[in-house]
Amino acid sequence: MTALDLRGRRLSLDRPAVMGIVNVTPDSFSDGGRFATRDAALRHIEQLAREGADLIDVGGESTRPGARPVGTDEELERVLPVIEGAASVSDRPVSVDTSRPEVMRAAVAAGAVMVNDVRALRVDGAIEAVRDTGVAVCLMHMQGEPRSMQSAPDYSDVVAQVGAFLAARRQACLEAGVDPGCIVLDPGFGFGKTLAHNLALLRHLDRLTGLGAPLLVGLSRKSMLGAIVDRPVDERVTASVAAALMAVERGARIVRVHDVRPTREALDIHAAVTGGDRRADSIA
Ligand code: HH2
């Protein structure tokens, strides 16, 4: 029985969960500008919930290589109205994709129950913000910073090094008083990694399942998939669903995706075949 504690609300991970992405940004790599207003973002949340998202991830700053950094006020202005409004269009728990402790605290006050941090709470005050508010947290691995992370990624053993980093960040959270049932770990596909590094991580993802926390993966529409299938970003749905399925086969319990409906359907088939969905037993 695996579950995630979302501020007292329990999300069962016995069936893999789908986290739907809502980028309230003008410049995200795949959907920049499409959901940059409050109304467009709320309509999108409503749609993702209808399509079967278990969680909604709201972000106000693009982390794509070379993205323009935004200030704290701008990030707050982007995400807070959307997080505040989310409860009026769906009952799905909301996570906030941020590295700033000020944004974490304000987002939780506005209704977020999870922090998704590509910097794994390494910014000063971030661990305390998560501990004090009692939210769940996703700790992600990244080598370098978004500006320069793809210039020369370097590892001797990428799976071992990513695993050691995630174990150390989880330990830092536990020592600060974060509840272990609130922590999720993410190898950070595409964050300071070459195609070979990303493929090694996906191939050996099962080696990261023993770190004491459920695994979340974000492979959706990423350039590592585009490099293989030679498709532009909005034509990578099939590749993304295939990658999500392979990640779940290797132990991922949450998949962070743009295309919720096809991912949900693929995971439902997976659950029916592997015995994770008891409804399938009653189908003759
Ligand atoms: N990837 C992106 C952003 N946040 N968070 C986690 N935990 N894992 C990921 O793999 C991850 C993430 C990048 O994707 P996206 O949000 O679509 O793009 P952008 O950063 O350009 O807004």
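Nothing in this text is a laboratory measurement; each read-out follows from the coordinates by a stated rule. Keep in mind that this is a model prediction, so the values were computed, not measured. When we count neighbours, we look across all protein chains shown, and the Cβ atoms used for this are built from the backbone with ideal geometry, even at glycine.
Looking at segment 205-234 only, could you name the residues that are away from the ligand (no atom under 13 Å from the Cβ), part of a loop (DSSP other than H, G, I, E, B) and either among the aromatic types (Phe, Trp, Tyr) or under 19 Å from residue 257 (Cα atoms) (or both)? Once the filter is applied, which keeps residues that are away from the ligand (no atom under 13 Å from the Cβ), part of a loop (DSSP other than H, G, I, E, B) and either among the aromatic types (Phe, Trp, Tyr) or under 19 Å from residue 257 (Cα atoms) (or both), segment 205-234 yields 231, 232.
All conditions but one from (1) under 17 Å from residue 182 (Cβ atoms); (2) in contact with a helix residue (DSSP H, G or I) (Cβ under 6 Å, 6 or more places away or on another chain) apply to residue 103; the one that does not is (1).
Residue-level analysis places residue 188 outside the set of residues that are within 30 Å of residue 130 (Cα to Cα), touching a residue at least 24 places away in the same chain (Cβ under 8 Å) and surrounded by fewer than 18 Cβ atoms within 10 Å (Cβ to Cβ).
Return the only residue of 107, 112 being crowded, with 23+ Cβ neighbours inside 10 Å and either part of a loop (DSSP other than H, G, I, E, B) or acidic (Asp, Glu) (or both). When all the criteria are applied, what remains is 112.
In this structure, does residue 1 turn out to be over 16 Å from the mean Cα position of the chain (by Cα) and aliphatic (A, V, I, L, M)? Steps first, answer last, please.
Working: over 16 Å from the mean Cα position of the chain (by Cα): yes; aliphatic (A, V, I, L, M): yes.
So residue 1 passes the test.
Of all residues in segment 93-130, which are in contact with an Asp or Glu (Cβ under 7 Å, 6 or more places away or on another chain) and among the basic types (Lys, Arg)? Answer for segment 93-130, where residues must be in contact with an Asp or Glu (Cβ under 7 Å, 6 or more places away or on another chain) and among the basic types (Lys, Arg): just 100. From the residues in segment 100-118 that are under 14 Å from residue 57 (Cβ atoms) and small (Gly, Ala, Ser), which one is farthest from the ligand (Cβ to nearest atom)? Within segment 100-118, the match that is farthest from the ligand (Cβ to nearest atom) is 111.
Scanning segment 119-146 for residues that are surrounded by fewer than 22 Cβ atoms within 10 Å (Cβ to Cβ), under 24 Å from residue 85 (Cα atoms) and in contact with a strand residue (DSSP E or B) (Cβ under 9 Å, 6 or more places away or on another chain) returns 133, 134.
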